[in-house]
Every structure is written in C-alpha cells, then in structure tokens.
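Reviewing the structure listed below.
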Amino acid sequence: MDNFILYPADTRGFADHGWLKSHHTFSFANYRNNDRVHFGVLRVLNDDYVAPGMGFGTHPHENMEIISIPLKGSLAHQDSMGHGQTINVNEIQVMSAGTGVQHSEFNPSETEASEFLQIWVFPNKLHVTPRYQQLPLDVANRKNNWDQILSPNPEDAGAWIHQNAWFHLANLDQNKGLNYELKDKTNGIYLFVLEGSITANNQTLNRRDAIGIWDIDSLQVQATADAQLLLMEIPMELPSYLQ
C-alpha cells in the first residue's frame, strides 16, 4: 500500500468571483470532491488572490484553528475579540475560533492585489476560549533551513495552535537538500511547494504541487531549482469528536 498522496496544482478546485480567485486543495464552498475532504487534521488549504480594495466581510467561525500566511500584499483584519490589525508578508496570523468568533479580512491597498494561504486545522479539543495571534517571521531563518513558524507549544518558536502540529517554511537554493525529522512519529507530513521545483519521496513537485505522506520518521527534500516550501507536520487521526 502506498503511504502518500500526490496533490498536483492543476487538480485543485478553483473559484473565480472576480475580486476573489481561490484554489482549493480540499472541498470548500462550492467545490466538492469526496476524495479530497481533508488530510489528517488538515481541513482547508486555500490559495487566495484578493483584488485591491476588496475582501471578506464579517463572518463567523467556531471550533477551528485558522492560520493565514500572506504571500504578497497585506490584509486588514478585524474581529469580535477587538483586534484590528494589518498582516503583511513575512508574518503569520492564527485564530483559535473555539466557542465562536466573527472576523473580516480586507485588502487595504487600492493598487496591489493580496495573495495569501488560508489554512484550517481541526483542533484537538472543542469550545476553547477564542484567541488571536500575529507574529513577524524572519525570512533569513528559512534560507536552506526549516524555520518553525507554528507548534503546539506557546513557549516554542512561532505561533501556536490547539493541535499537535508543527509548520515550517524553507527557502532552498538549487541543488540544496534538507532532511525533516518528525517531532511525533505518529504524525504525517503535508509538503506544499510555494515556488520552484523539488524532489521528495522519489516524486517531482513543481510550483503549487503538494504531497501528503504518512508512516515515515523523516523526509528528505532536494531542490531541483530555487524553491520555497511549506511543510506541515500534522496528526493523521481525526479528533475523537469527529469519529
């Protein structure tokens, strides 16, 4: 039995609302694919483009860990917890929706589009107190290195969420390689190529391709061209409340 799934970029769902263009790795909104509902506790990976001056009006969430990673431009955030901040490239935003939160995200620029990843992870417990976190990321830390940007531990590097998950970014020079050792050997890895080309698990991955792998202790990645990577180590078993 194979222990991996390939997610080629051109097999993702796509929604074009004019002001919003979104590629969906997993079933979301009007995109339904029964074979792609989640990978472990990773429920949503949306690759979003938001036109200048446009955005998502106030809407609710509950019992989900929501992570936003800007790739270009910025997003102006407001929520029912009283936060009103702008998130920029080389920052990470986390919301634990828990018992319920409402928020809006708008592109504050009138000239530059905003591009960002919206990621949802099932939490390991329900009805936590809603929380918001926004942190700067040092791009120098990810040069030919796994830079941890998220973990389960508030005292550890990066942001934190209510789940046994670790996220890392890496910028690899051509022909450079990296090995990733899983923090929890029962977890799996979802590796997403933001830019460039790599080989991993004997597979060739190009821009916006991804691979989900489980039943491994480590993963070797080799850049065949300059590459930017997002690696998400996540539990493969869904929380008991979903079983």
Subset of the stretch 1-36 (residues that are under 20 Å from Glu233 (Cβ atoms) and either loosely packed, with under 11 Cβ neighbours inside 10 Å or within 15 Å of the chain's Cα centre (by Cα) (or both)): Asp2, Tyr7, Thr25, Phe26
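Table: residues versus (1) hydrophobic (A, V, I, L, M, F, W, C); (2) in contact with a strand residue (DSSP E or B) (Cβ under 9 Å, 6 or more places away or on another chain); (3) at positive phi.
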residue: Asn202; (1), (2), (3): no, no, yes
residue: Asp217; (1), (2), (3): no, yes, no
residue: Leu229; (1), (2), (3): yes, yes, no
residue: Pro235; (1), (2), (3): no, yes, no
residue: Tyr241; (1), (2), (3): no, no, no
Only one of Pro130, Pro152 that is closer than 26 Å to Pro239 by Cβ, in contact with a Gly (Cβ under 6 Å, 6 or more places away or on another chain) and at pLDDT 95 or above: Pro130
Qualifying position, being over 15 Å from the mean Cα position of the chain (by Cα), under 27 Å from Asp147 (Cα atoms) and among the β-branched types (Val, Ile, Thr), among Thr86, Thr58: Thr86
Strands (runs of 3 or more DSSP E) within the stretch 1-54 that include 1 or more residues more than 22 Å from Phe122 (Cα to Cα) and touching a residue at least 24 places away in the same chain (Cβ under 8 Å): 20-24, 42-50
Some residue of the stretch 177-186 being at pLDDT 95 or above and within 19 Å of Ile66 (Cβ to Cβ): no
Number of positions in the stretch 43-55 that are open to solvent by less than 50 Å² (accessible area, probe 1.4 Å) and either out of contact with any strand residue (DSSP E or B) (no Cβ under 6 Å at 6 or more places or on another chain) or farther than 18 Å from Leu117 by Cα (or both): 3
Residues that are aliphatic (A, V, I, L, M) and open to solvent by 50 Å² or more (accessible area, probe 1.4 Å), drawn from the stretch 200-243: Met236, Leu242
Any strands (runs of 3 or more DSSP E) falling wholly within the stretch 154-204 and containing at least 1 residues that are more than 12 Å from Leu219 (Cα to Cα): 166-172, 187-195, 198-200
Test: residue in the stretch 153-164 that is under 24 Å from His127 (Cα atoms), open to solvent by less than 20 Å² (accessible area, probe 1.4 Å) and among the β-branched types (Val, Ile, Thr): yes
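The values are calculated or read from the model by the stated rules, or taken from the named source; none is laboratory data. Everything quoted here is computed from the prediction, not taken from an experiment. Note that we place each Cβ from the backbone using ideal geometry, even for glycine, and neighbour counts take in every protein chain shown. The area values use the complete protein model at the heavy-atom level, side chains included, leaving out ligands, DNA and RNA. Shrake-Rupley method; radii C 1.70, N 1.55, O 1.52, S 1.80 Å.
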